[in-house]
Amino acid sequence: MGIRLENPRGKDLYQFWGDTITEKLNQALRDQGDDIVINLASDEYFKSVKTPKLQGQLIKPVFLDEKNGKFKVISFYAK
């Protein structure tokens with residue numbers, strides 16, 4: 001997503017997609033009669049969603065694994 005892509009809307013893919021992704025998520029929420037979005041995307045990709053315009057409750061789970069008595073995010077498993 002961070003790749004430079006000169007386009008009529010701006011300089012990168014975030015501007016290229018604009019509100020499209022957020023609008024599609026809102027439409028899916030309306031179609032399903034639900035108001036919960038579970039974000040399983042990476043932080044980089046989720047930046048393309050305009051969260052102030054999202055018409056639902058956002059849940060972002062954190063996947064932790066126990067190692068040596070402590071819980072940590074192991075990115076290999078979390079992805």
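Details
- Verdict on PHE76 being touching a strand residue (DSSP E or B) at 6+ places or on another chain (Cβ under 9 Å) and at pLDDT below 90: no
- Number of residues in segment 31-45 that are touching a residue at least 24 places away in the same chain (Cβ under 8 Å) and either surrounded by 12 or more Cβ atoms within 10 Å (Cβ to Cβ) or not charged (D, E, K, R) (or both): the value is 2.
- Test for ARG4: is it modelled with pLDDT under 95 and in contact with a Gly (Cβ under 6 Å, 6 or more places away or on another chain): no
- Within segment 1-30, being assigned to a helix (DSSP H, G or I), surrounded by 14 or more Cβ atoms within 10 Å (Cβ to Cβ) and among the hydrophobic types (A, V, I, L, M, F, W, C) holds for LEU13, PHE16, TRP17, ILE21, LEU25, LEU29.
- Identity of the residue in segment 31-77, under 23 Å from LEU13 (Cβ atoms) and assigned to a helix (DSSP H, G or I), that ends up farthest from the chain's Cα centre (by Cα): SER75
The values are calculated or read from the model by the stated rules, or taken from the named source; none is laboratory data. Predicted, not measured: the structure shown is a model, and the values here were computed from it. Every residue, glycine among them, receives a Cβ derived from its backbone with ideal geometry; neighbour counts consider all protein chains shown.
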